[in-house]
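Participant: Pasting in a structure now, in structure tokens, and then I'll have a few things to ask.
Read the figures in this text as sums done on the coordinates, not as results from a lab. Keep in mind that this is a model prediction, so the values were computed, not measured. Glycine gets a Cβ as well: all are built from the backbone with ideal geometry, and neighbour counts include every protein chain shown.
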Amino acid sequence: MLTEVAGYAGLTQPQFLICSAAIFCAGLVRGFSGFGLSAILMAGIVVLIPPVELIPLCYLLEAAASIALFRGNLRSADWKMVWTLAITSAIGVPIGLAITTNVPTEHSKTIALGLVLVLTFGQLFKFIPPGFGGRAGLPVAGLLAGIVTGLASVGGLVVALYVLSRRTEAHVMRSSLIIFLFIGIFTTLASLLSYDLMSQETLQRGVIFVPIVLSGVFFGTRLFSPALAPHYKKVCLLLLVCLSIVGLIRLF
């Protein structure tokens, strides 16, 4: 049975088990923090699935997670900020996809993991570029998030870095990221289809892995509470640092 399921996903049994565990953990973090699903997958399984194949899979998993989380976060999101980020991000996604589809696979893997590591350290040590948290920084953050989404499917980290620079409350940050990623379902899909990245194999993997990611999201949502708000971002960021470093070590 396991062999058949793994074969349907175009993976070996060990690869399938590793991917399943990583996807469940990514869903757990997504449900808990509101972001990080794609970043964890790009750091954890990019050595098994090339970025050009993993990006559309991340899209399907993010879409499933966003739909599951959408309803409970409508009221607390900063809608003005979310819409600005969503529009400018939509402009940047095709740029990132153009880069991804025109560079060697090994280079794309290195860029993807490097971006995860740099952006995570930027958040962990609260390195905020001058002016990044102001009004002028809002469209810049959105455009950069779009490019990074197309390149490595980790645009949520750029948005999180911007929100962090504004010292937004934890529940507002989480809700805003969830709504931003929900809107991104529609803007990113057009770019993925235009570059013909949504293959039959990706859809087959989605059928198998969506239930796994949703189970992680379910348990992650149960973990989020106001009492843990001061600590939840640091825990997720430390996890991303570890995954990024491990991925880069395995790659080289």
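Participant: Exposure proxy check: Cys242, Cys19 ranked by fewest other beta carbons within 10 Å?
Facilitator: Cys242, Cys19
Participant: Please report the spacing between the Cα centers of the stretch 189-230 and the stretch 133-171 in Å, no decimals.
Facilitator: If you average the Cα positions of each part, the centres end up 20 Å apart.
Participant: State, as an integer percentage, the relative contact order of the stretch 34-251 based on alpha-carbon contacts under 8 Å between residues 6 or more apart.
Facilitator: 38
Participant: Per residue of the stretch 57-68, what does 6.51 cos²θ - 1.76 cosθ + 1.60 with θ = phi - 60° give for ³J(HN,Hα)? Whole Hz please, x for Gly and Pro, Karplus curve as stated.
Facilitator: For the stretch 57-68, the Karplus curve yields 5, 4, 4, 5, 5, 5, 4, 4, 5, 5, 4, 5 Hz.
Participant: Ok, one more. Angle, helix 79-100 long axis vs. longest principal axis of the chain, Cα atoms, 0 to 90°, nearest 10?
Facilitator: For helix 79-100, the angle is close to 40 degrees.
Participant: To continue, here is another question. Output the peptides 86-94, 4-12 sorted from most to least packed, where packing is the average of other Cβ atoms within 10 Å over each peptide's residues.
Facilitator: Ranking the peptides 86-94, 4-12 by packing returns 86-94, 4-12.
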